[in-house]
1. Which of the residues spanning region 230-242 are farther than 15 Å from Phe215 by Cβ and within 16 Å of the chain's Cα centre (by Cα)?
2. In this structure, does Glu292 turn out to be in a loop (DSSP other than H, G, I, E, B) and within 19 Å of the chain's Cα centre (by Cα)?
3. Considering only region 74-86, state which residues are on the phi > 0 side of the Ramachandran plot and under 25 Å from the mean Cα position of the chain (by Cα).
4. Could you count how many residues in region 308-350 are out of contact with any His (no Cβ under 7 Å at 6 or more places or on another chain) and either in a loop (DSSP other than H, G, I, E, B) or surrounded by fewer than 23 Cβ atoms within 10 Å (Cβ to Cβ) (or both)?
5. Any residue in region 322-346 that is among the aliphatic types (A, V, I, L, M) sitting within a Cβ distance under 7 Å of a residue that is in a loop (DSSP other than H, G, I, E, B) and surrounded by 20 or more Cβ atoms within 10 Å (Cβ to Cβ)? List the pairs, counting only those 6 or more apart or interchain.
6. Please determine whether any residue of region 269-287 is touching a residue at least 12 places away in the same chain (Cβ under 8 Å), among the hydrophobic types (A, V, I, L, M, F, W, C), touching a helix residue (DSSP H, G or I) at 6+ places or on another chain (Cβ under 9 Å) and not in a helix (DSSP H, G or I).
7. Would you pick out the residues in region 64-74 that are in a loop (DSSP other than H, G, I, E, B) and in contact (Cβ under 8 Å) with a residue 12 or more places away in the chain?
8. Taking region 124-153 only, how many residues are touching a residue at least 40 places away in the same chain (Cβ under 8 Å) and either of a type in the set (Gly, Ala, Ser) or surrounded by fewer than 19 Cβ atoms within 10 Å (Cβ to Cβ) (or both)?
Amino acid sequence: MHKVKIRSPAAQFTNLFFRAAATTTRKVNKNQFIAAIVGKSSCLQKSTTSKVSPSDFLKTSSPYFTPDRMEEGAYEVVNSFREVDTEKIKVPPYFDKESWDYSMKLEIHNDEQDVNSIRRVTKLAGEVLRYAGSLVKEGVTTEEIDEKVFNYIIENGAYPSPLRYNKFPKSLCTSINEILVHGIPNTRALKYSDLINLDITVYLDGFHGDTSKTFIVGENEEKPDQPIKNEYKLLIQATREALWEGIKVCGPGVPLYKIGCAIDKYLSKFNETHGTSFKSSPDYVGHGIGREFHGLPQIVMVKNKYGKDFVGSDKMKPGMVFTIEPVILTGSTKSKTWKSDSWTITAKDGCVNAQFEHTIRIRATDKETMTENCLIGCEVLTLHDEYDKAMLQNILNIQSSDPEQAATVETTASDQ
C-alpha cells in the first residue's frame, strides 16, 4: 500500500458536496488517513453507535430495507443547468467554473452588516425548504419539485447554490429512501411512505444559507389500510432530536468535538430505549458556511476528539457560522457513489436513512445586544417549523431556570 500525502483536513472527513465532487481524488483506506495524521493512536474515539461490520448488514426482511431500490440510471434527469439571468441575479463565483475547490478558510462574522446578511439568506433558505416541503406528495416527481424550487428562489432575488457547483445539474438535492446524500432530481414519481430529504442552499447578497429536512410522503394523510411504518417514524424522531442534541452543546469556547459526542450519546440512549440500532454516519460532516459554500470548521458527527489540525479549529469562536447535519442510518455505514453521475451516494445494504440540518452562528455574547429570544451560546438561523420552535423554547426554558447550565450551553434564534 502506497503512502498518501495529506494536504488538508478535508482529506478524511470531506464535506457532503465536496466528497462526491472530488472525483479525481484517490481512494485510500480510512485507517491509513487517520494513521498519517495522528500516528498509531487515532484521536477518533470508539463510538457506541457507529461500528458495524459486514456481517451486521441488515437483511431484506428488515423493516428498514427498501424493496423498491433506487436503481442507478433508471430515471432520466431532464432540464439540467437551468438558465439564470446574471444581469438580475447575483451568482456565486463558481457559476461559470468547471470545478471549485473546497475552501480551507475559517470565516468569522461579527460585523453587524454581515450578520444581518447571513440572517436574511438563512431565513430565505428556511422559507424555501418550507415551500419545497409543501410540494412533497404522492405522484409528484422530484423534477417537478426542482423546477418550482428554482423559480421560487429566483423570484426572491437569490440563486440556488447547488446549481453548477462542480457540475451539479440541479437546484436542490432530493435523496430518497436508501440514498444518503446528493440525490439528483429526476423523473421518478414519489410513492406513498417514501422518505425524502430536501437539501436547500441559497445564495443572496454574497452569502450562502443551508438547511435540510426529511419528509415521509403521505405522513399527513396516512392511509388506514397502509399505515406508515413505525420504524420510519422512530427514525425521523431520532434524527431530529439528535440534531438538537448537537445544537444544545454549542457556545463560545466549547470544543467542536462535543457536537459529535452529544449526537453519539443521544443515539445510544435512544437505541436502548426503543430497541433500535440507529447510528450517525462517520463519513459526512457539517461545514463552515458564509461567503463560501463550504469551508472550515468541519463538524464531525460521531464520537471524536478532533482538533484544529483536522477540523480547522479546536473550539467554537464567536462569529463562527456552520451547519450541523447528521445522517442517521438504520443499517450499515457502508455506502457507494453512483459512477454515472459521481454525486448520488447510496447505502450499500439498501436500508433507509434520514437527515436534518440547521445553520447556526456562535454568538459574541459579551458584545451583542440581548433580545427576548437570545441567551448566550448560538443562534439557530434556519428554524423549520413549529417543532423546531417548540424545541428551541423548551431549551430556553430549561436554561432560564438553571443559570449554571445557561452559562455553558445556550441556543437562540433569529426573528423568523
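The values are calculated or read from the model by the stated rules, or taken from the named source; none is laboratory data. Fair warning: this is a prediction, and the values are worked out from it, not measured in the lab. Please note: Cβ atoms are built from the backbone with ideal geometry, for glycine as well, and neighbour counts cover all protein chains shown.
1. Those that are farther than 15 Å from Phe215 by Cβ and within 16 Å of the chain's Cα centre (by Cα): Ala238, Glu241, Ala242.
2. For Glu292, the condition - in a loop (DSSP other than H, G, I, E, B) and within 19 Å of the chain's Cα centre (by Cα) - is met.
3. Phe81
4. The qualifying residues number 28.
5. Val327/Ser281; Val327/Tyr284; Ile328/Phe278; Leu329/Phe278; Leu329/Ser281; Ile345/His182
6. Scanning region 269-287, I find at least one residue that is touching a residue at least 12 places away in the same chain (Cβ under 8 Å), among the hydrophobic types (A, V, I, L, M, F, W, C), touching a helix residue (DSSP H, G or I) at 6+ places or on another chain (Cβ under 9 Å) and not in a helix (DSSP H, G or I), so the answer is yes.
7. Passing the criteria: Tyr64, Thr66, Asp68, Arg69, Met70, Glu72, Gly73, Ala74.
8. 11
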